[in-house]
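Undergrad: This is the structure I want to talk about, given as structure tokens.
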Amino acid sequence: MKKLLFFLILLPCFSQAQINVHFKSGKKANQFTISTKSNASTIVYDPTENKLIGRSANFLAEDIERVTGKKPAISTGDNIQDKNVIIIGTAENSALIKKLITEKKLEVDKIQGDWERFVIKTVDKPFPGVDQALVIVGSDRRGAAYGVFTLSEKIGVSPWYWWADVAVEKQEEIYLEKCHFISKGPAVKYRGIFINDESPAFRNWANEKFGGTNHKVYGHVFELLLRNKANFMWPSMWPPTMFYIDDPLNPKLADEYGIVMSTSHHEPMTRAHHEWELFEGGEWNYLTNKEKLQEFWRGGFERVGDYETMITVGMRGDGDDAMSEETAVDLLKTIIADQREIISDISGKPAKETPQVWAIYKEVQDYFDKGMRVDDDITVMFSDDNWGNIRYLPNPEETNPDSKFGMYYHFDYVGAPISYRWLNVTQIERVWEQMKLTYEHGVNEIWIANVGDIKPMELPISFFLEYAWDPDAIQAKDLPDFYVRWARQQFGNQHAQEIAEMLSLYTKYNARRTPEMLTASTYSVENYREADRIVEEYTQLLEKSTSVYEKLPEAQKVAFYQLVHSPIEMSANINEMYVAAGKNRYYGVRGAASANFYADRTKELFEKDAELTQEFHELKEGKWNHMMSQTHMGYTYWNHPPLNMMPAVAYVQVQQPAELGYFIEYGTPPRWGWLDVEADWAFSKEMPVFDPVNDQDYYIDIINRGQEKLSYTIRPKEDWIKVSSEGGETLFNEKVYVSIDWSKAPEGTAKGELLIAGAGNEYLVEVPIRNEQIMGSGFVENNGAVAFEAPHFTKKSDSKNRYWTVIPNLGRTGSSLIIEPVTAENEAELKDAPMVEYEFTTTSSGNFKVDTYLSPTQDFKHQGGLKYAIAIDDEAPQIININEGETVPDYKYAEWWMISVGDHIKIKTSSHKVEAPGKHVLKVWAIDSGIVFQRFVIDTGSLKPSYLGPVESVQVEAK
């Protein structure tokens, strides 16, 4: 473990230098002693400074104690007695810091007057009687705090030590290599979170553990924000929660922690929504009730006093609804002008000197689209579509150097098509891609993420806030390493790679479809073995997680359970439950006894879900009780049901004696009923065609239609036909896999036979093969389709100013392909556009369809849609607008939008004429940036319905 922490602390920080910590003494002349085996260096700060400085000093002392067991003394005087001291302060207000600057022992010119920067420097002989000082100086109060927490991370204290019970490895000593580290400032000025949709989980947890949503619980929230270098927050607000009313110490504590408070998009002038009901102000309508609303808003602004606050301006309908259709842009302009007059009147200074934000959310986007604008000092906050897809970004023509823009993003949402609140379903890769667009388009004043109950969104919260601090530090190629770094921060180096892979995969799998939106028919039981693949993927992931869990030290298991194992286990369980319900339906309508097995299995997994929830709630003597109590099964419309409800299942009545039946993979669906099993048309008599390139195996599902055990045999008549089993016994069903021994198979086209027998019945099944060389290369057609992932191109060409970039892991099945720079103008001529080519080979010809799988990106440019071009071979390219038909705003729950966000994919289909079998080339040109290509599926005539599409085709090289 010593090696683990040594590696951890050698990671580069924000700029210019490294902060290197050791846990044993080295060259004394090159080290500052933070703590020895016997004592820790004294922490010193100026008591006249802002309270955050004193709090930061105490946090550092506690963190050193967490590591070493020795808590440093804290001194607030200038009579320093210790030989080694840690000095914390700001360049502007600390007398100690100013003295060092005056005596030219400390330089702060590079951060002076900047926003939230800091210097960490070791200084020899800083004061008489003091041998060494470690100085942490901020350009402002938060800069100093961020410097402190940077050191805390370096000595091994995770920002999630409390919120996820991340263990701190004990060390006897801590030494810091002498350094002069100068941080960058944040790229985004205000960075924070929104606690929302918090009932029943966060609210009931806070009530039980802290007596309410009060300063006691917010103290932990504010500390978490600072440790993640955040500074901004929208508080919990679901009625009846009211940040300023529930506990008057809430805003006071926020200011002491340096957290800039604001209120959500529909709560103007710092007033929580529920306050209007208590105020008894009457109708929420500015046309009819202007005086009461102004009185209400005045009271809201008056109480913030001198606290650092971001004032939300504007107005939406009552209770987060849209205002009436007749509401005009002019009225909203009047409302904001009147609110600014209130701000100016109460503050005694021009309104522009008080930070303000206007949220362009849902229908307010319409007002912005119609040309409504506000004064440049007001931050215009855009939003995603509640599902992680940015709706609008400013273009250069409508901005000027004084314009300020923000972004409101969602990891959690209550609304159509189905709310998602239970587990983390956010891929950090999609956050990176959409927030890169955001940042590169000049939206850098505020970033805020709706994080639901905070837990279990730890991973995306960490990523969002780190990326907001320095977007340039994380490029697409760096995304896999983020998982590793984050895993290492929480669990050390030994299993970091394995844990990183688990984190990347479980979020990928969950992002295919949120658990709340799963149904028995989501994944195909019949086609591409999709349902079984989903269950197997989760099963393998759970096995890996269990293996790592059992190897971890006991101290790390609680955090690992919360951050990794529990979400994997819960996700695996609910996905298998819905697949079991799907199989219940599949076998039930076919009159098979397996329907009853899967009905029982569905119920078993449903009950397991409740057990897993209880297990989570019992962690740490119930520390996190209620946190996983969001309902997540049984949705009948967008809002959550009152209780989890098991998916519907059905039982079938089967006869007593065993009865043989079978289904062939991709075969004609059986048409038999209870009395016609001997009919010639009862079962499919032919398997799909086998070929040596794809080297398929197809299954025959042996079915029992009775209560007694079925004995069966399945025997090939030719020696080149292989079966995974030649017989067995089953109460329900068994799959026998058929494949070909190509070393024995005849050349050309041929047919063999299988004899299936059992319970007095026999059936012959033909096994057709096509044992021919494939004349071509690339991805090979199989069973009527060709499928390949977008990054698996045969050839690519970049243009002069635009280039292709692979985003690892982004998407439902593989990785994705985008164009950078993301702000690049579209190409007027296709010959100048970046292009990718994919070689593929077909055994057929005719009218083919190409399904292009894209991330559900919105027309954020509002210039008529994002476009690409596509062609096969030398045909004329077709221009595809990925936003065609998306005329109804998404906030009105347009059907196109509900499908694309529910599926987490947008499929655009183009038709192409292919004259002959053989080798072909699919060509794709990037006209617009902002499009995310995930995969391509070519339907050559037999594409089957499924959620994810067929697996990637076999790829061969030209001979």
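Undergrad: To the nearest whole percent, what portion of all C-alpha pairs in the range 2-182 is separated by more than 29 angstrom?
TA: Value for the range 2-182 (Cα pairs over 29 Å): 13 percent.
Undergrad: Further question: So what is the orientation-averaged projected area of the range 660-771, using the convex hull of its C-alpha atoms, in nm²? Intermediate values should be presented prior to the final figure.
TA: Working: hull surface 26.3 nm².
Average projection, Cα convex hull of the range 660-771: 6.6 nm².
Undergrad: With +1 on each Lys and Arg Cβ and -1 on each Asp and Glu Cβ, how big is the dipole of the chain about its Cα centre, in debye rounded to the nearest 20?
TA: Dipole size: approximately 2880 debye.
Undergrad: Based on C-alpha coordinates, I'd like the Rg and Dmax of the range 502-622, in Å.
TA: Cα radius of gyration and Dmax of the range 502-622 are 15.6, 52 Å respectively.
Undergrad: Something else: Can you give me the three principal axis dimensions of the range 746-870 from its C-alpha atoms, in Å, biggest first?
TA: Here the Cα extents, ordered largest to smallest, are 69, 35, 28 Å.
Undergrad: Full extension from residue 107 to residue 847: what is 0.36 nm times the residue separation minus their Cα-Cα distance, to one decimal in nm?
TA: 259.2 nm
Undergrad: I've got another one for you. Give me the Kirkwood hydrodynamic radius of the range 392-526 in Å, from all C-alpha pairs, to one decimal place?
TA: This gives a value of 16.6 Å.
Undergrad: In the range 149-198, which chymotrypsin sites (Phe, Trp or Tyr not before Pro) fall in coil by DSSP and have 15 or fewer other Cβ atoms within 10 Å?
TA: 162
Undergrad: Using only alpha carbon pairs under 8 Å that are at least six residues apart, calculate the relative contact order of the range 660-771 and give it in whole percent.
TA: Details: 253 pairs, mean separation 32.5, N = 112.
RCO, the range 660-771: 29 percent.
Undergrad: Sequence neighbours fewer than 8 away in the same chain don't count; with that in mind, list the aspartates and glutamates whose C-alpha is under 12 Å from residue 252.
TA: Straight-distance partners of residue 252: 306, 308.
Undergrad: Considering only 342, 461, 72, whose Cα is most displaced toward the positive end of the charge dipole of the chain, charges sitting on Cβ of Lys, Arg (+1) and Asp, Glu (-1)?
TA: 72
Undergrad: Follow-up. Label-point separation (nm) for residue 375 and residue 873, each offset 7 Å from Cα along Cα-to-Cβ?
TA: 6.6
Undergrad: While we're here: Report, in debye and to the nearest 20, how large the dipole of the range 2-182 comes out about its Cα centre when Lys and Arg carry +1 and Asp and Glu carry -1 on their Cβ.
TA: The calculation lands at about 460 debye.
Undergrad: Tell me, what is the FRET efficiency for residue 739 and residue 831 to the nearest 0.05, using R0 = 51 angstrom and their Cβ-Cβ distance as r?
TA: Working: r = 47 Å, r/R0 = 0.92.
In this case the efficiency is close to 0.60.
Undergrad: Only Lys, Arg, Asp and Glu count, each charged at its Cβ (+1, +1, -1, -1), so figure out the dipole size of the range 660-771 about its Cα centre, rounded to 20 debye.
TA: Around 100 debye, computed over the range 660-771.
Undergrad: Going through the range 326-373, which trypsin sites (Lys or Arg not before Pro) have at most 12 other Cβ atoms within 10 Å and a DSSP loop state?
TA: Here the trypsin sites (Lys or Arg not before Pro) that fit, given the DSSP loop and packing criteria, are 370.
Undergrad: May I ask you to list the residues of the range 150-167 whose amide nitrogen lies under 19 Å from a point 7 Å from Cα along the Cα→beta-carbon direction of residue 24?
TA: Only 155-156 fall inside the zone, counting backbone N under 19 Å.
Undergrad: Can you pull the one-decimal nm distance between simple spin-label points at residue 279 and residue 719, each 7 Å off the Cα toward Cβ?
TA: 9.0
Undergrad: Follow-up. For the range 290-405, report the convex hull volume of the alpha-carbon atoms normalised per residue, in Å³, without decimals.
TA: Taking only Cα atoms, the range 290-405 has a hull volume of 126 Å³ per residue.
Undergrad: Scale the Cα Rg of the chain by the rule-of-thumb value 2.2 N^0.38 Å and send over the ratio, two decimals.
TA: In units of the globular-protein estimate, the chain measures up at 1.06.
Undergrad: Then there's this: Before rounding to the nearest 500, sum -39500 (n - 2.57) across all DSSP H runs of length at least 4 in the chain and divide by the residue total; then give [θ] at 222 nm in deg cm²/dmol.
TA: Estimated from H runs of four or more residues: -9000 deg cm²/dmol.
Undergrad: Additional query: When 755, 224, 505 are ordered from fewest to most other Cβ atoms inside 10 Å of their Cβ, what list results?
TA: Neighbour counts put them in this order, fewest first: 755, 505, 224.
Undergrad: For the chain, find the longest principal axis of its Cα atoms and tell me its angle to the long axis of helix 594-617, 0 to 90°, nearest 10.
TA: 10
Undergrad: Here's another thing I want to ask about it. Which order do the peptides 840-846, 456-462, 229-235, 183-189 take when ranked by the mean count of other beta-carbon atoms within 10 Å per residue, highest first?
TA: The most tightly packed comes first, giving 229-235, 456-462, 183-189, 840-846.
Undergrad: Sticking with this one: As an exercise, identify the chymotrypsin sites (Phe, Trp or Tyr not before Pro) in the range 453-491 lying in DSSP coil whose Cβ has no more than 10 other Cβ atoms within 10 Å. Please list the in-between numbers first.
TA: Values: sites: 463, 464, 467, 469, 482, 483, 486, 491; in loops: none.
In loop regions of the range 453-491 (DSSP not H, G, I, E or B), there are no sparsely surrounded chymotrypsin sites (Phe, Trp or Tyr not before Pro).
Undergrad: Determine the relative contact order of the range 716-771: mean sequence separation of Cα pairs under 8 Å and six or more apart, normalised by residue count, in whole percent.
TA: 34
Undergrad: Further question: What is the angle, in °, between the Cα long axis of helix 201-210 and the longest principal axis of the Cα atoms in the chain? Nearest 10 is fine, range 0 to 90.
TA: 40
Undergrad: What pairs from 83/216; 70/178; 796/849; 333/861 go past 29 Å between their alpha carbons?
TA: 83/216
Undergrad: May I pose another question? Which ³J(HN,Hα) values, rounded to whole Hz and listed in residue order, are derived for the range 124-133 from phi using the Karplus coefficients 6.51, -1.76 and 1.60 in 6.51 cos²θ - 1.76 cosθ + 1.60 with θ = phi - 60°, glycine and proline given as x?
TA: Residue by residue, the range 124-133 yields 7, 6, x, 9, x, x, 10, 6, 9, 9 Hz.
Undergrad: Now for a different question. Tell me, what ³J(HN,Hα) does each residue in the range 144-155 have, in order and in whole Hz, if you take phi through Karplus 6.51 cos²θ - 1.76 cosθ + 1.60 with θ = phi - 60° and put x for Gly and Pro?
TA: 4, 5, 5, x, 4, 6, 4, 5, 4, 4, 5, 8
Undergrad: Another question about this same structure. Would you mind ranking 55, 533 by Cβ crowding within 10 Å, fewest neighbours first?
TA: Ranked by crowding around the Cβ, least crowded first: 533, 55.
Undergrad: Separate question: Using only C-alpha positions, report the orientation-averaged shadow area of the convex hull of the range 190-474, nm², one decimal.
TA: Taking a quarter of the hull surface, the average projection is 14.3 nm².
Undergrad: Compute the distance in nm between two label points, each set 7 Å from the Cα along the Cα-to-Cβ direction, one at residue 51 and one at residue 329.
TA: 4.5
Undergrad: Can you tell me the Rg and Dmax of the range 778-956, counting just the alpha carbons, in angstroms?
TA: 15.8, 47
Undergrad: Across bins of 10 angstrom width beginning at 0, how are the C-alpha pair distances of the range 199-308 distributed, in whole percent?
TA: That works out to 14, 44, 31, 11, 1, in percent per bin.
Undergrad: Could you tell me which of 392, 696, 95 has its Cα farthest along the dipole of the chain towards the positive end, charges placed at Cβ (Lys, Arg +1; Asp, Glu -1), taken about the Cα centre?
TA: 95
Undergrad: Could you give the length gained by full extension between residue 73 and residue 162, i.e. 0.36 nm per residue of separation minus their alpha carbon distance, to one decimal place?
TA: Result: 29.8 nm gained on full extension.
Undergrad: Can you give the relative contact order of the chain as a percent, counting alpha carbon pairs under 8 Å and 6+ residues apart?
TA: Rounded, it is 9 percent for the chain.
Undergrad: Can you give me the angle between helix 530-551 and the longest principal axis of the chain, using Cα atoms only, in degrees from 0 to 90, rounded to the nearest 10?
TA: Once rounded, one gets 50 degrees.
Quick note: the coordinates plus some simple rules give every number you see, no bench work behind them. Not measured: the values here are computed from a predicted model. When we count neighbours, we look across all protein chains shown, and the Cβ atoms used for this are built from the backbone with ideal geometry, even at glycine.
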